[in-house]
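Asker: Here it is, the structure, as structure tokens.
None of the figures in this text is laboratory data; all of them are computed from the coordinates on show. It should be emphasised that the depicted structure is a prediction, and the values quoted were computed from it without experimental measurement. Neighbour counts run over all protein chains shown; Cβ positions are idealised from the backbone, glycine included.
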Amino acid sequence: MSLSLPVDTYSPDQLSELVLELQDLSSAARDANARRKDDTTSIEAPTLSVDLSQLLQQNNISPDDPSALETFTKEVVTTLEKAPTVHILLAAMPARAMRRQIVTWFRTEINAQSLVTFAARSDLGGGAVVQVGSHLYDLSFRRLIIDHKARITEIAGV
């Protein structure tokens, strides 16, 4: 089974939180399953976060099936450990629509389970700095200006 991540679940931190929630849900489902065998009283299902609901739904996992949840949790942990992670530094934090476009591009063009982190640093001026593994790609305006100091007066018309 290949894990399918929702576009709004894009960072390692988000996935780590979902792992914890999945472990709690799996434990609750196992307990509820054991109680059902011994007792006929109704058991209240735990409340799921929106992100976990999307993840389970997108992967066709029932929140009531303890064995499926345990297997799925292991798969999510494996993805968290092995998925390629891209760190993007921008002049300002991108809006949700832009984050979704960037994540969709990485998952379509690079790896279906790519994880992306976003950070902002105002001194970039624009553009982006992208880090993948030990490779750093500086596509910022700051870098362009530093690399072409002599042309600043030419461009400014001074």
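Asker: What FRET efficiency would be calculated for the residue pair T71, I110, taking the C-beta separation as r and a Förster radius of 25 Å, to the nearest 0.05?
Answerer: 0.40
Asker: Given that compact globular proteins tend to follow 2.2 N^0.38 Å, what is the ratio of the alpha-carbon Rg of the range 1-138 to that value?
Answerer: In units of the globular-protein estimate, the range 1-138 measures up at 1.27.
Asker: Separate question: Just the Cα atoms of the range 83-156: what Rg and Dmax do they give in Å?
Answerer: When restricted to the Cα atoms of the range 83-156, Rg and Dmax are 14.4, 45 Å.
Asker: Also: On a full-extension model of 0.36 nm per residue, what is the gain between S16 and S4, subtracting their alpha-carbon distance, rounded to one decimal in nm?
Answerer: Value of the extension gain: 2.8 nm.
Asker: At a 10 Å Cβ-Cβ cut-off, how would you order L115, L20, fewest neighbours first? Intermediate values should be presented prior to the final figure.
Answerer: Working: L115 23, L20 11.
The most exposed by this proxy come first: L20, L115.
Asker: If you put +1 on each Lys and Arg Cβ and -1 on each Asp and Glu Cβ, how big is the dipole of the chain around its Cα centre, in Debye rounded to 20?
Answerer: The calculation lands at about 740 debye.
Asker: Still on this model: Would you work out the relative contact order for the range 12-81, in percent, from Cα pairs under 8 angstrom that are 6 or more residues apart? Please list the in-between numbers first.
Answerer: Numbers: 43 pairs, mean separation 35.6, N = 70.
Contact order relative to length: 51 percent.
Asker: As a test of the formula, what do you get for the chain when each DSSP H run with n ≥ 4 contributes -39,500 (n - 2.57) and the sum is divided by the residue count, at 222 nm and rounded to the nearest 500 deg cm²/dmol?
Answerer: So the calculated ellipticity at 222 nm is -16000 deg cm²/dmol.
Asker: Within 12 Å, Cβ to Cβ, of Q14, how many net charges do the neighbouring residues add up to if Lys/Arg are +1 and Asp/Glu are -1?
Answerer: Net of charged neighbours comes to -4.
Asker: Give the relative contact order (percent, whole number) for the chain; include only Cα pairs under 8 Å separated by 6+ residues.
Answerer: This gives 25 percent for the chain.
Asker: In which sequence would H135, H87 go, from the one with the fewest C-beta neighbours within 10 Å to the one with the most?
Answerer: H135, H87
Asker: Another one. How many angstrom lie between the Cα centre of the range 1-24 and the Cα centre of the range 92-113?
Answerer: Between the Cα centre of the range 1-24 and that of the range 92-113, the gap is 16 Å.
Asker: From the residues A32, V132, S53, which one has its Cα farthest along the dipole of the chain in the positive direction, the dipole being from +1 and -1 charges on Cβ of Lys/Arg and Asp/Glu about the Cα centre?
Answerer: Of the options given, the answer is V132.
Asker: I've got another one for you. Test of understanding: what is the full-extension gain from A32 to D123, defined as 0.36 nm times their sequence separation minus their Cα-Cα distance?
Answerer: 27.4 nm
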